[in-house]
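Chemist: Okay, here's the structure, questions in a sec.
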Amino acid sequence: MLYGYCRISTQKQSIERQIRNILAEYPTAEIRQEIFTGTKLYGREVWNNLYKSLKQGDTVVFDSVSRMSRNATEGYNLYMELFNKGINLVFLKEHYIDTEVYRKSIKQIDLTGEDVDDILIGINKYLFRLAEKQIIIAFEQAEKEVSDLQQRTKEGLRTAKENGIQLGQRQGAKLNVKKSEPIKEIIKRKSKDFGGYCSDIDVMSILANSTVKIIQNGNTVEVSAKLSRNTFYKYKREIAEELSKD
């Protein structure tokens, strides 16, 4: 069987990108998807059901290693467990640790029965450890991304408070959800805190001169994306919280 496993952390996130990426390379994959917050494997109902049904020769495709696990130890142990059971694992963004690549990497060099075998044994051990190290590093990087984002979020919140910026929604204020989502997408693309190249001032300037499309009374209308300073930082905090759970 050929499966594709997709996971997001909250309903606000879109899982379509993961599904699209998997089906683009493996159009016959049977997609399994779920919403689960956290880095631990325990509690993922869809994953656990899939895990229990896997048989030797089955293949599971992930959009990235982080969709399998964001905990380095658990991720590596699960990888090795499935590999030893004959389950094929494919990671679209990290093909270099696909189980097929790992299997080829640890293929032993045939010994000759000569003195050179001492060297070949050493090479075999080195190649084995090198291949395993690549897998460990991939899961460690996935875990580090979560840790780094959480740290940046804490630092950003602390800086905002020190500058007297109000965090959270003022009492009595109502969030325009229809307008907030497309604006958040602009912030995520442009802000250097989320991988873009713009400072907060630049992003607010971009928003002030931009419009977003929303559905209002069944019609698509364009509204200004301009935000107050407080709302801008509220959106940034919400984005950081959503990403930290991913």
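Chemist: Specify, per residue and in Å³, the volume enclosed by the convex hull of the alpha carbon atoms belonging to the range 1-82.
Modeler: Details: hull volume 7.2 nm³, N = 82.
Convex hull of Cα atoms, per residue: 88 Å³.
Chemist: With a point put 7 Å past each Cα toward its Cβ, work out how far Thr10 is from Ile31 in nm, to one decimal.
Modeler: 2.2 nm
Chemist: Turning to a different aspect of this structure: For the range 37-99, which whole percent of the accessible surface, found with a 1.4 angstrom probe, sits on carbon and sulfur atoms?
Modeler: 51 percent
The values are calculated or read from the model by the stated rules, or taken from the named source; none is laboratory data. In this text the structure is predicted, and so the values were computed from the model without any measurement. Don't worry about glycine lacking a Cβ; one is built from the backbone with ideal geometry, like all the others, and counts go over all protein chains shown. SASA here: full protein model, heavy atoms, side chains in, ligands and nucleic acids out. Shrake-Rupley method; radii C 1.70, N 1.55, O 1.52, S 1.80 Å.
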